[in-house]
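Colleague: Let me begin by handing over the structure; questions about it come next.
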Amino acid sequence: MEFKKQLENEAHWAHVFSPANFPHKTIKPGSHYKTLPGWFPSSKSVNGLMRTSQPLMHDLFIHLDTNPEVVAIAEFPEEAEYWTIATNGEPNLRTHFPAAAVKTRTGRVVVFDVEPVYVQEERGWLPRRTADLKAHCAGLGAHYHLLDERTIHLRPVFDNLRLMWLHKRVEAQHPEIDVIAQRIADAALPLRIGDLMRRVTPNAFFGQWEGETTATMIPEVNPIFTAVMQLAMAGRVEVDLNRPFSQWTVVRHPSHALAGRRARTAAA
């Protein structure tokens, strides 16, 4: 790719992920849609809250919001104009609003659309549009993917990510969770979550309700598990997503961190 074109592409995506951009598809609150639109909160969005056109788009955002490699998400990021060949053989300029675009730690940009399998089977023109959008995004230095429930809802990965997302960091969370997270990150990993629950303190939260004279443990909340989930979402530890989370789930240092530790040890 020539240098001038590369600079133009970088400027294009810098605008897409900036506060100056806006969702290019509007779904008005209270509107009646067959696809059940909704909202998705994320600190990776410049607005903090993203509109979803259907539940499958919401579930895609769970993947993206829990992925430590993804640093920015934009919903309906642009009105893409792309060329296609009409049925009469003539070139035709069309427009499309992709569901989302993401930027990774390395600066890579990926554009996504989501459509259920049955919709794709009904729309025979989708493979042609997908190929056209792949070419369009490639011209902008990005990648394009059309996803469906076969990849988004892959079990047990999706169940794990959904559970992980429920433990995402919030402003009002107990400050001890950050302390616990640092102790886990500093621990001699790998260790099972159950081992961490026995070794790292505090490993339980207590609450005193109105009218009670003593504090009691809150069994619905385990700060160790929450801290592990938040560390995984930040890329500070790794957990196996291919098996359901349990006390037997092994927590490891990230592979890139281990490589750095080995290099420092060798240098010493």
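The values are calculated or read from the model by the stated rules, or taken from the named source; none is laboratory data. Just so it is clear, the model here is predicted, and its values are computed rather than measured. Methodologically, a virtual Cβ is constructed for each residue, glycine included, from the backbone with ideal geometry; neighbour enumeration extends over all protein chains shown.
Colleague: Being of a type outside the set (A, V, I, L, M), closer than 25 Å to THR104 by Cβ and surrounded by fewer than 19 Cβ atoms within 10 Å (Cβ to Cβ) is the filter here, so list the residues in the stretch 223-244 that pass it.
Modeller: Of everything in the stretch 223-244, those that are of a type outside the set (A, V, I, L, M), closer than 25 Å to THR104 by Cβ and surrounded by fewer than 19 Cβ atoms within 10 Å (Cβ to Cβ) turn out to be GLY235, ARG236, ASP240, ASN242.
Colleague: What is the one condition in (1) without any contact (Cβ under 8 Å) to a residue 24 or more places away in the chain; (2) outside any loop (DSSP other than H, G, I, E, B); (3) not aromatic (Phe, Trp, Tyr) that GLU10 does not satisfy?
Modeller: Failed condition: (1).
Colleague: Does ILE73 count as crowded, with 21+ Cβ neighbours inside 10 Å, β-branched (Val, Ile, Thr) and more than 14 Å from HIS143 (Cβ to Cβ)?
Modeller: Yes: the conditions hold for ILE73.
Colleague: So, one more: Restricting to the stretch 10-39, name every residue that is touching a helix residue (DSSP H, G or I) at 6+ places or on another chain (Cβ under 7 Å) and under 23 Å from VAL117 (Cα atoms).
Modeller: LEU36, GLY38
Colleague: Filter the helices (runs of 4 or more DSSP H) completely within the stretch 94-189 down to those with at least 1 residues that are more than 14 Å from the chain's Cα centre (by Cα) and over 22 Å from ILE62 (Cβ atoms).
Modeller: The qualifying helices (runs of 4 or more DSSP H) are 117-122, 126-139, 176-186.
Colleague: Ok, one more. Which of the residues spanning the stretch 156-189 are farther than 17 Å from VAL221 by Cα and charged (D, E, K, R)?
Modeller: The answer is ASP159, ARG183, ASP186.
Colleague: How many residues are β-branched (Val, Ile, Thr) and more than 22 Å from ASN160 (Cα to Cα) when one looks only at the stretch 30-83?
Modeller: 2
Matching residues to (1) at pLDDT 95 or above; (2) of a type outside the set (Lys, Arg); (3) not assigned by TED's automatic domain parsing to the domain that holds LEU241:
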residue	(1), (2), (3)
ALA80	no, yes, yes
ALA99	yes, yes, yes
VAL111	yes, yes, yes
PRO116	yes, yes, yes
LEU126	no, yes, yes
LEU133	yes, yes, yes
CYS137	yes, yes, yes
LEU146	yes, yes, yes
ARG162	yes, no, yes
